[in-house]
Amino acid sequence: MNVRSVVLGLLASVLVLGVIVSLVGVSAVVAALDAAKPGVIVVIVVTVLLWLTAWSSALHVVLSVLGYPQSRFRTLLVYSSIVFANSVTPFAQAGAEPLAALFVSRATDAEYETGLSVVVSVDTINLLPSVGFAAIGFAYFAVRSALNPRLELAVVLFLTVAVVVAAVALFAWRARDTLAASLVGALSSLLDTLNRRTSLDIDRPERELERRVTLFVSNVERIARTPRLLAVGVFFSAVGWLFLAVTLWLSLYSLGYAIPVEAPLFIVPLAMTASVTPLPGGFGGVDAAYILLLGGLTNVPLPSITAALLVYRAATYLLPIVLGGTAVTILETSRR
């Protein structure tokens with residue numbers, strides 16, 4: 001992980017947030033923030049810790065299935081390191097999985113491929129409840145006729161992406177042996193090309209590549225063949241989504257606005273799909289999605305929505321970065 005690129009990415013994210021605030025009106029947003037209730041902010045911090053604990057419990061299930069059980073506290077540290085990777089890497093989970101897998105493998109003394117299978121499995125488990133919440137929210141607001149055409153389009157796009165991802169995952173699962181063999185061949189050819197055309201001397205025989213790819217696939221198979229434990233993991237993931245929704249509701253409540261309790265259950269998973277942007281933490285896409293969704297489903301003024309968004313992002317982005325960075329330091333120190 002290049003520290004300089006991380007710092008530049010975070011600075012760019014702050015710049016994007018500054019542009020959003022300036023477009024809304026700095027003085028109006030600051031005035032809305034002045035109304036924040038300190039007591040509610042404390043509750044928000046507690047809620048964020050409960051969110052991290054719930055999703056770390058899903059990680060605990062996956063690690064136990066693969067034979068790398070950790071204490072609850074250490075699992076929380078490992079999951080915090082995963083969140084840290086997601087927060088400082090462009091394209092959110094899609095770009096952070098290699099770094100997150102490294103953190104997991106070093107913290108559990110597992111091979112890198114095992115760490116990667118753990119991260120992929122936890123991300124998949126966390127995806128399932130989000131689709132359910134979004135679908136339920138869409139049905140609820142459709143019955144109430146409270147969804148404007150732009151939001152309907154956002155929901156349709158979200159559900160379409162979910163269906164496509166599910167179809168690709170199903171195809172990959174059924175053709176996993178063929179895909180694994182193709183991947184080994186492609187990696188072997190790539191390494192041969194790099195050795196011929198560069199000064200690199202990467203000694204990675206095809207048998208070793210095959211062993212590592214097979215290890216990854218077998219780990220995913222072991223997890224998929226424990227439906228009862230997977231259900232437990234999905235339950236903890238759903239609880240985590242609920243705490244994220246509560247955090248968003250409290251962020252608005254801290255400024256004096258009590259929106260319908262069902263709105264955050266619909267908004268949070270829908271907005272998270274916009275996190276795949278080139279900036280760390282999904283800056284730009286996520287923020288625009290929250291403003292669009294909150295503006296379309298509530299009567300809260302735009303400056304207050306932006307102020308609540310700053311509170312929410314500080315709680316669910318900046319705080320996890322601090323906690324995750326601390327967790328990485330603790331895990332690396334204990335490893336040494």
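The values are calculated or read from the model by the stated rules, or taken from the named source; none is laboratory data. Source: prediction; values computed, not measured. Reconstructed Cβ throughout: ideal geometry from the backbone, glycine too, with neighbour counts over all protein chains shown. Heavy atoms of the whole protein, side chains included, go into the accessibility calculation; ligands, DNA and RNA do not. Shrake-Rupley method; radii C 1.70, N 1.55, O 1.52, S 1.80 Å.
Computed quantities for the displayed model
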{"item": "Protein-only accessible surface order, largest first, of 287, 123 at 1.4 Å", "result": "123, 287"}
{"item": "Heavy-atom accessible surface of the stretch 1-84: percent carbon and sulfur, 1.4 Å", "result": "75 percent"}
{"item": "Neighbourhood net charge (10 Å Cβ-Cβ; Lys/Arg +1, Asp/Glu -1) for residue 219", "result": "-2"}
{"item": "With DNA, RNA and ligands ignored, accessible area of residue 236 (1.4 Å probe; Å², nearest 10)", "result": "50 Å²"}
{"item": "Spin-label model distance (nm) - residue 64 vs residue 167, 7 Å beyond Cα toward Cβ", "result": "3.7 nm"}
